[in-house]
Structure formats: structure tokens, C-alpha cells
1. Looking at T220, is it among the β-branched types (V, I, T) and closer than 28 Å to Q248 by Cβ?
2. Any idea which of (1) out of contact with any Lys or Arg (no Cβ under 7 Å at 6 or more places or on another chain); (2) part of a strand (DSSP E or B) is the one E30 doesn't satisfy?
3. I'd like to verify a number: residues in segment 230-267 that are under 19 Å from the mean Cα position of the chain (by Cα) and not polar (S, T, N, Q), how many?
4. If we only count helices (runs of 4 or more DSSP H) wholly inside segment 207-279, which ones have 1 or more residues that are more than 19 Å from K176 (Cα to Cα), in contact with a helix residue (DSSP H, G or I) (Cβ under 6 Å, 6 or more places away or on another chain) and at pLDDT below 90?
5. G271: surrounded by fewer than 16 Cβ atoms within 10 Å (Cβ to Cβ) and touching a residue at least 24 places away in the same chain (Cβ under 8 Å), yes or no?
6. Looking at P110, P88, P117, which one is touching a residue at least 40 places away in the same chain (Cβ under 8 Å) and within 15 Å of N169 (Cβ to Cβ)?
7. Within the bounds of segment 95-111, is there any residue that is surrounded by fewer than 18 Cβ atoms within 10 Å (Cβ to Cβ) and more than 24 Å from T235 (Cα to Cα)?
8. Confirm whether N188 is surrounded by 14 or more Cβ atoms within 10 Å (Cβ to Cβ) and free of Cβ contacts under 8 Å to residues at least 60 places away in the same chain.
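The values are calculated or read from the model by the stated rules, or taken from the named source; none is laboratory data. Since this is a predicted model, take the numbers as computed values, not measurements. We place every Cβ from the backbone using ideal geometry, glycine too, and count neighbours over all the protein chains shown.
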Amino acid sequence: MTKYIEKQTELPEVPKHWATLNGKPVNRVEEVPRLVVVRKADHEAGFYAPFHSHGWGQMLFVAKGLMQVSAVGAGYWIVPPQRAVWLPPFIEHDAKTIHAVQMRNVYFSPEAAHGLPNHCQVITVTSLLRELMLAMVEFDTLYDEEGPEGRLVNVFLDQLKTIPETPLNLPYPESKPLQHIAETLRSNPADQRSMDHWSMELGTSSRTLARHFRQETGMTFGQWRQQARLLAAITRIAQGDSVSNISQDLGYESQSAFITMFRKALGKTPGRYFDVEST
């Protein structure tokens, strides 16, 4: 399993220039004089983009497949189909495809990113947002801002600001002892060991451990473990695993208990989760 912190590596320069402006090539997205730039990106399972950042905001929309995105100091997100992860400017992040993905990368200039969240998050992409992105990806890089293309971009930006966050984040603790617990639970989400057990193993009091866990993650130990199970469940659902097998493997007493947890957290049953949202 990919660890949260890996060596930060700058991505190579884009091999082909983004556009030609006044006879000169534009080599970086930050140099494009437009509100947004949209690009297609298809990757096989196991593709990995090392830690890097952009001067512009970025939204990764997964049309098909499943990916994991981590951000320094913020944890990691699972991004299923028809969802997107928003990354503010200058956020160090990486990305790994769990299944082969078809993506749309949307880059936001500082002007376009104004008013968007200042923290990473996953959103559910509505039918309207999806269709707007599918149209925008066909635009020339230097599209006509004053014409129909520019008006579609403005509609896209307006719609994006109305979409609520989807709770698919797992914040990561900073201290080594709590990272040990986190890695264990990510490797085996069905692990039922209590905070009392972990405090004995780590040689501290359960009260102290619980306090530090909440301080470093913003969640109680129980909430964090449930979130780890939720993200593991989404990955398994995307693979086509049955709900009965998933609920058993994740340590739930019954299939109905698992479905209740899932619906309470995400508003849908596991079997309906990947249904496309309407506007």
C-alpha cells in the first residue's frame, strides 16, 4: 500500500507546448491567458504522479476508474467515477490510479479559483458539470473568452461554486505512533482493537492517545476507523465485490449494519453509490 509521505519530486515539463501566443510557445499552464484550461488524461492502473504542485488550482474529474490523491498535511482522498477532487493552488499533492482512469484535468487561473474552497476536497459531479467539462475539453487552449465558449466557462464556474463537498477524505496523523495505528487500520480496516489496546501497546494512556488522535486528525479514533472502512468499501465496490463480502471483510456484524453506515455517511446505499447525479 502506498504510504502517505513519499519523496517529493517535481513533474517534468510538459513535453508539448500548451499553445502558441504571438508566435511564441506557451510551455506552462500558468502562462495561458485564459480563466481555465481543460485537458484529457487517460492512465492505466498503477500510474503514479509524484508529489508536485501547480501555481493554478486544479480539479481532477474521474469519468471512469478509481484513483487516490494525497496532499501534504491533509491526508488522502479516494476519487471514484463521476467525482472530482479539487486542489487549491500550490498544494503539494500526488496521484495514483487504483483502476485505469479516464480523467479530465481542469486548471483554474487565480481569478477563476477566487471563491473556491481553500482546502482539498472531493465533490460529486452533476450531469450539467459533466457535460460542460466534456464540451470544454474540446475547446482550443486560447478559446474565445467573449464568445459562446467563454460563456460556457462562466456557467461552469458558477455551477462549481454550488456543489457541496463529499466526505471521501481520510486525514493523516503527524506523529509516528499514530501513523503506526493509521497504517495498520488502512492495511486491515476490519481490525477491531480498541484505543485501550493501542495505548498499552504504545506505552501511554488511552486518554492521552485519544486526545492526540483528535488533535492531529480532527476525528475521534472511532470516526477515523469508520472513515477508513468507508474508503476501503468504495474501492471494493468499484472493483465489483459483493456487499456481503465487503461487509464481512470490513468487520461489520451484518450486511444491514454496513449498508446503514454507508447510507448515513454518503446518502446512498452501496448498490446505488455510483449512479450518476442529476442536476
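1. On the way: among the β-branched types (V, I, T): yes; closer than 28 Å to Q248 by Cβ: yes.
Yes.
2. That leaves (2) as the condition not met.
3. Summing the residues that are under 19 Å from the mean Cα position of the chain (by Cα) and not polar (S, T, N, Q) in segment 230-267 gives 12.
4. 221-238, 255-266
5. Working: surrounded by fewer than 16 Cβ atoms within 10 Å (Cβ to Cβ): yes; touching a residue at least 24 places away in the same chain (Cβ under 8 Å): yes.
Taking the combined requirement at face value, the residue satisfies it.
6. On the way: P110 fails: within 15 Å of N169 (Cβ to Cβ); P88 fails: touching a residue at least 40 places away in the same chain (Cβ under 8 Å).
Residue meeting the stated conditions: P117.
7. So far as segment 95-111 goes, yes, one or more of its residues are surrounded by fewer than 18 Cβ atoms within 10 Å (Cβ to Cβ) and more than 24 Å from T235 (Cα to Cα).
8. When the stated conditions are applied, N188 passes them.
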